[in-house]
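Bear in mind that the values in this text are calculations on the coordinates, not laboratory data. For clarity, every value in this text was computed on a predicted model and none was experimentally measured. Glycine gets a Cβ as well: all are built from the backbone with ideal geometry, and neighbour counts include every protein chain shown.
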Amino acid sequence: LTVLGLNSGTSADGLDLAALTIERRPTGVRVVYRAGRTRKYPPALRRRILTCADSPEYPLADSIYLDNLLGEFYGREAAAFIQKLKRRGIRVDVVASHGQTVRHLPKKVAVGNTRQRGTLQLGSIDMIAAATGVVTVGDFRQADIAVGNEGAPVTVAATGRLFADARSPRLIVNVGGMSNYFFFPATRGQGSIAAADCGPGNSLCDLLCDRLFGETFDKGGRHAAAGTVSQRLLTLLLAEPFFKDKTRSTGREAFGPKLADRIIAFGDEFGLESEDLLATAAELTVRSIAAAVAPILAATPMIDKMYLTGGGAHNRFLCKRLAEVCRLPIGSVAELGFDPDLVEAMAFAVMVEACLRSEALPTRFDHTPPSRKRETLTAVLGRIAQPPQRARE
Ligand SMILES: Nc1ncnc2c1ncn2[C@@H]1O[C@H](COP(=O)(O)OP(=O)(O)O)[C@@H](O)[C@H]1O
Ligand SMILES: [Mg+2]
């Protein structure tokens, strides 16, 4: 089965496309990477996404239009890539599209006399199916919510199909808008899989860069490298509710513009340089990753490297600080043969192969059931949209 995976993360920097051929074998699933690329969002579309994601009162009608605008953009980009692949003799059977997260609300809150959580990804999969003429699968998070989980992380099993190794345990850390880790013990050994969000990835640094330097991101971490960490600000940031809460996932609601505003106000009050604010935000990312992986490193001395994926893998300063704080060599998944910018798009492609077989993919590996009533339920992740057909007459 050849699947085109599409993903746009919380950074809303662009659409990642990755085509994979997936084979079922008696021994498991074999994945062959065929081709991939990233398409930047036009600036006006990116602004629209970030306004929607960051405005608590964003109008419902505008959300509906954005769902279709994004569906059209993804459909156009997917169709162009499918044509390009066709010229190379590669036929895409199905498209997997995660969409753009505009709300992630993992913590249950009182709604009327019930308690609810939820998550929302935009980018109409029906628009993609119509533009490409190919069956399209999306909405990977809703079924996980329906069985009592947070709707994140959902790519754990699929990421394991890409990275798990028979002999070596693997520690993979994705530094996108948020950061998250995946631990896969050696498949021939013992130990259990673990995965969760760590905290912010690049989101705060991107927002600070935009506001303080008029740049979309801190290339190579050069502004952060030129600053000094404010221990006082760092202590405040490490006291954010996410680090104490029991939720396993987070988003721009916790590490987005509201927190960036507070950081800038703190800087004004205590006379910090812009570079110091960048250095402190980058340090928050490093410290939250280090804290999240510390129990795994302590329990698994065989881990000899942390492999990064996501845009953060290109940030040299961040990599250097991670190596110092975690006392572990830091590499990129490129060393394992994967493009660090396409890993999530690949994971959604792998998930679709399972979805089409109605195979449920576990998302929790900590063996504590989310709720007693539903403890045995594991979701089949993904919803299917069919392409339109020509009228008969
Ligand atoms: N050369 C680089 N130096 C520093 N940061 C980078 C570099 N390239 C990309 N990034 C960061 O990576 C982010 C995008 O990462 P990505 O993995 O696509 O996140 P998401 O999954 O949230 O879209 C950018 O917003 C930027 O902060
Ligand atoms: Mg991205």
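In the structure shown, the pairs Lys84/Lys219; Lys108/Lys244; Lys40/Lys305 are assessed against 19 Å; a Cα-Cα span above that value is assigned to Lys84/Lys219; Lys40/Lys305. In this label model, Arg188 and Asp210 are separated by 4.8 nm, measuring between points 7 Å along each Cα→Cβ vector. This model, with +1 at the C-beta of Lys and Arg and -1 at the C-beta of Asp and Glu, gives the chain a dipole about its Cα centre of some 1260 debye. Its DSSP H runs of at least 4 residues, each contributing -39,500 (n - 2.57), put the calculated 222 nm mean residue ellipticity of the chain at -12000 deg cm²/dmol, to the nearest 500. The listed peptides 235-242, 282-289, ordered by packing as a protection proxy, come out as 282-289, 235-242 (highest mean of other Cβ atoms within 10 Å first).
When the P(r) of the stretch 142-190 is calculated, the portion above 16 Å amounts to 49% of the C-alpha pairs.
Relative to the first principal axis of the alpha-carbon coordinates of the chain, what is the inclination of helix 274-299, with its axis defined by its Cα atoms, in degrees from 0 to 90 and to the nearest 10? So the helix axis and the longest Cα principal axis differ by about 70 degrees.
Here the convex hull built on the C-alpha positions of the stretch 63-163 has a volume of 118 cubic angstrom per residue. With 17 Å as the cut-off, how large is the P(r) tail for the stretch 236-293, expressed as percent of Cα-Cα pairs? The proportion of pairs with Cα distances above 17 Å equals 39 percent.
When every Cα-Cα distance of the stretch 97-140 is counted in 10 angstrom steps from zero, the calculated P(r) takes the values 26, 36, 23, 13, 2 percent. Gyration tensor analysis over the Cα atoms of the stretch 17-99 returns equivalent ellipsoid semi-axes of 32, 16, 11 Å (largest first, whole Å). Less than 5 angstrom separates the built amide H of Leu308 from those of Val173, Gly331, Ser332, Val333, all sequence-distant by 5 or more or on a different chain.
A protection proxy built from the mean count of other Cβ atoms within 10 Å ranks the segments 377-385, 123-131, most packed first, as 123-131, 377-385.
In terms of surrounding Cβ atoms within a 10 Å radius of their Cβ, Asp139, Asp341 rank from fewest to most as Asp139, Asp341.
The alpha carbon radius of gyration of the stretch 192-247, expressed as a multiple of 2.2 N^0.38 Å, is 1.39. Between 0 and 90 degrees, the angle of helix 257-270 with respect to the longest Cα principal axis of the chain falls at about 10 degrees.
With all pairs of different C-alpha atoms in the average, the Kirkwood value for the hydrodynamic radius of the stretch 147-279 is 16.6 Å. A Gaussian network model of the chain, with springs between Cα atoms under 10 Å, assigns the largest mean-square fluctuation among Gly112, Gly133, Gly191 to Gly112. Sorting 199-206, 97-104 by average packing, meaning the other beta carbons within 10 Å per residue, from highest down gives 199-206, 97-104.
A Förster radius of 41 Å combined with the Cβ-Cβ distance from Ile384 to Asp54 puts the calculated FRET efficiency at roughly 0.85.
If r is the Cβ-Cβ distance from Thr376 to Ala44 and R0 is 41 Å, what FRET efficiency results, to the nearest 0.05? In this case the efficiency is close to 0.30.
The length gained by stretching the chain between Arg262 and Arg316 to full extension, at 0.36 nm per residue less their Cα-Cα distance, is 16.8 nm. For the chain, the equivalent ellipsoid derived from the alpha-carbon gyration tensor has semi-axes of 32, 25, 22 Å in decreasing order.
Relative to the longest principal axis of the C-alpha atoms of the chain, give the angle of the C-alpha long axis of helix 316-326, reported between 0 and 90° and rounded to the nearest 10°. The two axes meet at around 70 degrees. At q = 0.19 Å⁻¹ the log10 of I(q)/I(0) for the stretch 236-380 amounts to -1.37, computed by Debye summation with a single uniform scatterer per C-alpha, solvent ignored. Remark: the Val29-Met302 segment gains 95.7 nm on full extension, using 0.36 nm per residue and subtracting the alpha carbon distance.
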